[in-house]
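All remarks here apply to the structure that follows.
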């Protein structure tokens, strides 16, 4: 069999053409297999002479079996073709399933894969005005950080006070509809954060002003998007308050400075303030640089032209993410439609969000790689190895293992093809090596 690769309109097609002798072998194999299943009077099943059993087969049966067998063999042909797999490596959307089509005369099979976007024309990435300035460090920004530190050091403390917003009440909750208890709305020892977003909307408000030991009865209409077919129904809740806790936040003083662990070495409040100022000065400058970088890449992306098969690429991206989400949700006893109903989103909106968010990430990566290729020297082998070390991996061992695996999978793979696979597999590592240099280049060449 011969495999021919063609890239067109955002798709990669592999045309698999079997040799004439392969066609004859496949056809003979198919006819023999079909004949082995034929029952002919006077013979045991599958034991009739071939020329006799053949008369009981329709051309439609033969064509269908031939097509299935040819399709399977052609797919195996590309699965073990190093050249085809190298062409697909890192260029096809994750989880993409190829479409198969037969030539009209049945002489070949074409497998078509949706490619990731390809940059046709790279937009401008120099001389872009961003008008971004670093946020100023002030007494107020320091005070806000001190309040956050104090909040992080807060504790939940038991209280006998009447329940107020921000308190947490531990309750036994029983939900029923028309006198019939609903297990999904009944739980003992259930913590309810009053004033927060709860799993039973509106219930926490009914606790305001009550104390430990109180019993509360309340009728609530469940939201229309509530799961378990409870949407829009009136539920009667009986609630007993077992215990109540409130957040106690420490004072901002020298003691807090020594207790907190975010800013090491602070022995009093003034030293803590100084450390906060120092860190905020650095953080605000970095945030401004990140904002500038994002604006530069966004502006560059506006002028960049991509080639892609949007419909097929979207299907591949959304289906892949949906499988991941459904697997994760199933571990929590949910399915995707029920979850989307709970958050008030339909499948179409979910699909559009997944596609556009993923496409944005892909395009950002492509832009950075294209600019780095145009402006920066390629990472050296030593830089790549050092980056692997930072990730706790041994580059030489990974390459040796990959090479061995490639040579055992693809019998006729060349050394150049092995190098191509390795380059594709370490591309993300090369991105990590290039990023600090690329960041500096873009910030230096734009306002």
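What follows is calculated from the coordinates using simple rules that are stated; it is not laboratory data. Keep in mind the model is a prediction, meaning the values are calculated, not measured. A quick note on method: Cβ atoms are made from the backbone with ideal geometry, for glycine too, and the neighbour counts reach across all protein chains shown.
Could you state the angle between the C-alpha long axis of helix 381-390 and the longest principal axis of the C-alpha atoms of the chain, as a value from 0 to 90 degrees rounded to the nearest 10? Helix 381-390 sits at roughly 50 degrees to that axis. Counting only DSSP H runs of at least 4 residues, each contributing -39500 (n - 2.57), and dividing by the residue count of the chain, the helix-based mean residue ellipticity at 222 nm comes to -15500 deg cm²/dmol. Relative to the longest principal axis of the Cα atoms of the chain, the long axis of helix 269-302 lies at roughly 30 degrees. Hey, how many Å between the Cα centroid of region 396-434 and the Cα centroid of region 133-153? The two parts, judged by their Cα centres, are 48 Å apart.
Each peptide in 141-151, 73-83 was scored by the mean count of other Cβ atoms within 10 Å over its residues; highest first, the order is 73-83, 141-151. Taking Cα atoms only, the orientation of helix 347-375 departs from the longest principal axis of the chain by about 80 degrees. Here the ratio of the Cα radius of gyration of the chain to 2.2 N^0.38 Å is 1.46. Distance from the C-alpha centroid of region 29-57 to that of region 329-393: 55 Å, rounded to the whole angstrom.
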